[in-house]
Amino acid sequence: GTRLVGAEALLRIRGDDGALLSPAAFVEAAESNGLIGRLGFAVLRAACTEITALPGPHAPIELFVNVSPREVAVPEFADEV
């Protein structure tokens, strides 16, 4: 049978016109406004919640989440991960 072995979490945000914004646009905005840490933590929590809610049984699943270099610089980053 088919089994899930990995997943990648991708954040997508819609603009006021309903079109998807490019990740570069909203990541840059979050970085420049000091929100990248909070945004990244929220994405990480949501991804972990979703992956653990998958119906089982299943083997361990690798979860990939992109992070910004500025996120890694947040003092709480390692503890949060």
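The values are calculated or read from the model by the stated rules, or taken from the named source; none is laboratory data. Nothing here was measured: the structure is a model prediction, and the numbers come from that model. Note that each Cβ is placed from the backbone with ideal geometry, even for glycine, and that neighbours are counted across all protein chains shown. Just the protein is used for accessible areas: all its heavy atoms, side chains included, with ligands, DNA and RNA removed. Shrake-Rupley method; radii C 1.70, N 1.55, O 1.52, S 1.80 Å.
Quick one: Leu63 ticks every box in (1) more than 17 Å from Ala7 (Cβ to Cβ); (2) touching a residue at least 12 places away in the same chain (Cβ under 8 Å); (3) surrounded by 12 or more Cβ atoms within 10 Å (Cβ to Cβ) except a single one, so which number is it?
Of (1) more than 17 Å from Ala7 (Cβ to Cβ); (2) touching a residue at least 12 places away in the same chain (Cβ under 8 Å); (3) surrounded by 12 or more Cβ atoms within 10 Å (Cβ to Cβ), only one is false for Leu63: (1).
Within segment 37-55, track down each residue that is β-branched (Val, Ile, Thr) and modelled with pLDDT under 90.
Result: Ile51, Thr52.
With the checklist (1) touching a Leu at 6+ places or on another chain (Cβ under 6 Å); (2) part of a loop (DSSP other than H, G, I, E, B) in hand, flag the one item Ile51 doesn't pass.
Only one criterion is unmet by Ile51, namely (2).
Could you please tell me which pairs satisfy a Cβ distance under 6 Å, a separation of 6+ or placement on different chains, a first residue in segment 8-37 that is free of Cβ contacts under 8 Å to residues at least 12 places away in the same chain, and a second residue that is assigned to a loop (DSSP other than H, G, I, E, B) and open to solvent by 50 Å² or more (accessible area, probe 1.4 Å)?
Here the result reads Gly15/Leu21; Leu20/Arg12; Leu21/Ile13, each pair linking segment 8-37 to a residue that is assigned to a loop (DSSP other than H, G, I, E, B) and open to solvent by 50 Å² or more (accessible area, probe 1.4 Å).
Table: residues versus (1) surrounded by 10 or more Cβ atoms within 10 Å (Cβ to Cβ); (2) part of a helix (DSSP H, G or I).
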{"site": "Ala24", "(1), (2)": "no, yes"}
{"site": "Glu28", "(1), (2)": "yes, yes"}
{"site": "Gly40", "(1), (2)": "yes, yes"}
{"site": "Pro55", "(1), (2)": "no, no"}
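Can you tell me how many residues in segment 8-22 are within 11 Å of the chain's Cα centre (by Cα) and surrounded by 14 or more Cβ atoms within 10 Å (Cβ to Cβ)?
2
Determine which single condition Glu76 fails, assuming it passes every other condition in (1) open to solvent by 80 Å² or more (accessible area, probe 1.4 Å); (2) under 18 Å from Leu4 (Cα atoms).
(2)
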